[in-house]
1. Which percent of Cα-Cα pairs in the stretch 24-98 sits in each 10 Å bin, short to long?
2. With only Lys, Arg, Asp and Glu charged, each at its Cβ (+1 for the first two, -1 for the last two), find how big the charge dipole of the stretch 29-100 is about the Cα centre; round to the nearest 20 debye.
3. What full-extension length gain, to one decimal in nm, is calculated for VAL86 and ALA34 as 0.36 nm per residue of separation minus the Cα-Cα distance?
4. LYS59: which lysines have alpha carbons under 19 Å from its alpha carbon, excluding same-chain residues fewer than 8 sequence positions away?
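Rule-based calculations on the coordinates, nothing more; no lab input. Since the model is a prediction, treat every value here as computed from it, not as a measurement. Positions of Cβ are generated from backbone atoms using ideal geometry, with glycine treated the same way; all protein chains shown enter the neighbour counts.
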Amino acid sequence: MSEQPVTPAQVAATLNPAGPSTGEPPEPQQSFDADYVKKLRDEAARYRTEAKANANAAKELAALRDAQKSEAEKTADRIKSLEDAVATSTMEGQIRSARR
């Protein structure tokens, strides 16, 4: 009893019973109606608007808190900022020296 050799087409048909691939993407299996898409877009727009409003409110709050600081607190913040700048500058100088 002799067996016939299996052809590549037979293997492909076994692996992909729907037929040969055309190279085109498959059709989407689910579509959404226009009302649902509009609802999602409106919801996203509402969230973007709220985020912008919250960002503006946060800026205003920071400005109010800064205005309420005493002169000593403002001076301490400025000293801290200058110390950070000096530390950064010193580190950058050390890095440049090490590279030479």
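1. Each 10 Å bin holds this share of Cα pairs: 14, 17, 18, 17, 14, 15, 5.
2. Computed charge dipole of the stretch 29-100: roughly 320 debye.
3. 12.9 nm
4. LYS69, LYS74
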